[in-house]
Amino acid sequence: MALETSTRSNPLWSALRAASRNVNRRQFLGALGVGGAVALLPSVAVPEAGAAFLPGALPIFEASTEPINGVFTLPPLPYGYDALEPNIDTETMMLHHSKHHNTYVTNLNAALAPYADLRAMNITAIVANLGMVPDAIRTAVRNNGGGHLNHSIFWATMGPKGGGAPTGVLGAAINDTFGSFDAFKAQFVAAGAGVFGSGWVWLVLNGTKKLQIVTMPNQDSPYMMGLTPIVGNDVWEHAYYLKHRNVRANYLNIWWNTVNWESVALRYTTAIG
Ligand code: MN3
């Protein structure tokens, strides 16, 4: 409780709590200003007031991951467990959402229980400012808060009518950055296949508003590096092992059939502002 008291008076926490309540109000975030990223993990430092990384205007489904009465909840899957067949099998989806993701939510709530000020914040604001989370719970929040946020984005950027190619400004930006959509996919698959152990591969928007492919270990979020995740694939074995066994590359290639590019494009256009 002493830590709760110590963070309550921090003006930066006040700004973050306010930002967390106003994640869809771009002008509010713009007024706060977006500073440098939180220090690279694991050597996280507590930034000076006003120096924290604040995510830009967030897509609606990330705002929907806000805690309700101080408790984070498992967001409902926006389609059925069998909706991504045959690309991702029903049993994998059921276990992944109702067991794996749910466990991250449960453990996140347990870690945050003594910290009322943190439980009033959006998960994105917490994850993006991990250096300010008290030492006692930082690892738990990094793993379980990251897991909650990563999976919330993951479910919302897939769908039963997925596949095809992005059009509009996102399609153009991918072509500009990677040469072509096929070249982008090849780089993304190679990066995902190269993750040693458990982690994620992401298409992100970096600090100069350029697209970039990054990999993150475990449940680390691109937000922890000051990067905005646009779309990502979970390459933990629990995401593919029942169907694809040890052949992660098969899963990485077939996963494109599940991507909801309309949802991904909304993330992109919102992130570039
Ligand atoms: Mn997973």
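Tell me which of these residue 175 doesn't satisfy, since it passes every other one: (1) touching a residue at least 12 places away in the same chain (Cβ under 8 Å); (2) farther than 20 Å from residue 216 by Cα.
(1)
Across the range 129-143, which residue is nearest to the ligand (Cβ to nearest atom) among those that are over 24 Å from residue 271 (Cβ atoms) and open to solvent by 20 Å² or more (accessible area, probe 1.4 Å)?
Applying the first criterion (over 24 Å from residue 271 (Cβ atoms)) to the range 129-143 yields 134-140, 143.
Among the residues that remain, those that are also open to solvent by 20 Å² or more (accessible area, probe 1.4 Å) are: 135-136, 138-140, 143.
Working: 135: 26, 136: 26, 138: 21, 139: 18, 140: 17, 143: 12 Å.
Once the filter is applied, the top-ranked residue is 143.
Just to be sure, is residue 252 over 22 Å from residue 127 (Cβ atoms), of a type in the set (A, V, I, L, M), touching a residue at least 60 places away in the same chain (Cβ under 8 Å) and surrounded by 14 or more Cβ atoms within 10 Å (Cβ to Cβ)?
Yes; evaluated as a whole, the condition is true for this residue.
Give just the number: which of (1) within 14 Å of the ligand (Cβ to nearest atom); (2) over 18 Å from the mean Cα position of the chain (by Cα) does residue 250 not satisfy?
Only one criterion in (1) within 14 Å of the ligand (Cβ to nearest atom); (2) over 18 Å from the mean Cα position of the chain (by Cα) is unmet by residue 250, namely (1).
For the range 189-203, which positions are surrounded by fewer than 22 Cβ atoms within 10 Å (Cβ to Cβ) and either in contact (Cβ under 8 Å) with a residue 40 or more places away in the chain or away from the ligand (no atom under 16 Å from the Cβ) (or both)?
Here is the first cut: in the range 189-203, the residues surrounded by fewer than 22 Cβ atoms within 10 Å (Cβ to Cβ) are 189-191, 193-199.
189, 190, 191, 193, 194, 195, 196, listed by residue number.
Out of the residues in the range 101-119 that are touching a helix residue (DSSP H, G or I) at 6+ places or on another chain (Cβ under 9 Å) and surrounded by fewer than 17 Cβ atoms within 10 Å (Cβ to Cβ), state the one that is nearest to residue 249 (Cα to Cα). Steps first, answer last, please.
Let us first name the residues in the range 101-119 that are touching a helix residue (DSSP H, G or I) at 6+ places or on another chain (Cβ under 9 Å), namely 101, 103-119.
From what is left, the residues that are surrounded by fewer than 17 Cβ atoms within 10 Å (Cβ to Cβ) are 103, 106, 110, 113-114, 116.
Numbers: 103: 27, 106: 31, 110: 35, 113: 39, 114: 42, 116: 43 Å.
Here the answer is 103.
Can you tell which of 206, 218 is under 27 Å from residue 141 (Cα atoms) and within 14 Å of the ligand (Cβ to nearest atom)? Reasoning before the result, please.
Details: 206 fails: within 14 Å of the ligand (Cβ to nearest atom).
So the residue among 206, 218 that is under 27 Å from residue 141 (Cα atoms) and within 14 Å of the ligand (Cβ to nearest atom) is 218.
Looking at residue 126 and the list (1) away from the ligand (no atom under 16 Å from the Cβ); (2) open to solvent by 10 Å² or more (accessible area, probe 1.4 Å); (3) within 12 Å of the chain's Cα centre (by Cα), which single condition is not satisfied?
Answer for residue 126: the failing condition is (2).
The values are calculated or read from the model by the stated rules, or taken from the named source; none is laboratory data. For clarity, every value in this text was computed on a predicted model and none was experimentally measured. As a convention, Cβ positions derive from the backbone with ideal geometry for all residues, glycine included, and neighbour counts pool all protein chains shown. With ligands, DNA and RNA removed, areas are computed over all heavy atoms of the protein, side chains included. Shrake-Rupley method; radii C 1.70, N 1.55, O 1.52, S 1.80 Å.
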